[in-house]
Amino acid sequence: MTVYTAIKKVAKTNGKSIYRIEKDLGFSNGSISKWNNSMPGAASLQAVADYLGTTPQYLLRLAKEEN
């Protein structure tokens with residue numbers, strides 16, 4: 001699983017869409033989906049984790065576990 005997929009999974013559980021997260025956090029459209037192929041910056045990952053009520057460590061661990 002990628003970081004993007006982990007975020008998508010947690011977001012779905014919270015009833016949020018990737019689009020909504022990007023819009024609410026002021027990210028450009030499609031920026032989180034790019035994390036499917038690359039690693040996000042620490043500040044961006046922290047912002048998404050805070051938004052979803054979790055930690056960056058949890059998101060990274062979730063992404064790693066599913067590989």
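Side notes on the structure shown:
- Across ARG20, ARG61, the residue with the most accessible area heads the list, and the full order at a 1.4 Å probe is ARG61, ARG20.
- Charge dipole of the chain about the Cα centre (unit charges at C-beta), most positive-ward option of THR5, TYR51, GLY26: THR5
- Helices meeting the span-like rule in the chain (full DSSP H runs, Cα extent of at least 20 Å along the helix axis, mean Kyte-Doolittle score of 1.0 or higher) are absent.
- Size of electric dipole in the chain: Cβ of Lys, Arg +1 and of Asp, Glu -1, about Cα centre, debye, nearest 20: 140
- Relative to the current alpha-carbon distance between LYS12 and ASP50, full extension at 0.36 nm per residue lengthens the span by 12.1 nm.
- Three semi-axes of the equivalent ellipsoid, the chain, Cα gyration tensor, whole Å, largest first: 16, 13, 11
The values are calculated or read from the model by the stated rules, or taken from the named source; none is laboratory data. Predicted model, so just to flag it, every value in this text is computed and none were measured. FYI the Cβ positions are ideal-geometry reconstructions off the backbone, even for glycines, and counts take in every protein chain you see. Please note that ligands, DNA and RNA were not included when accessible areas were found on the heavy atoms of the full protein model with its side chains. Shrake-Rupley method; radii C 1.70, N 1.55, O 1.52, S 1.80 Å.
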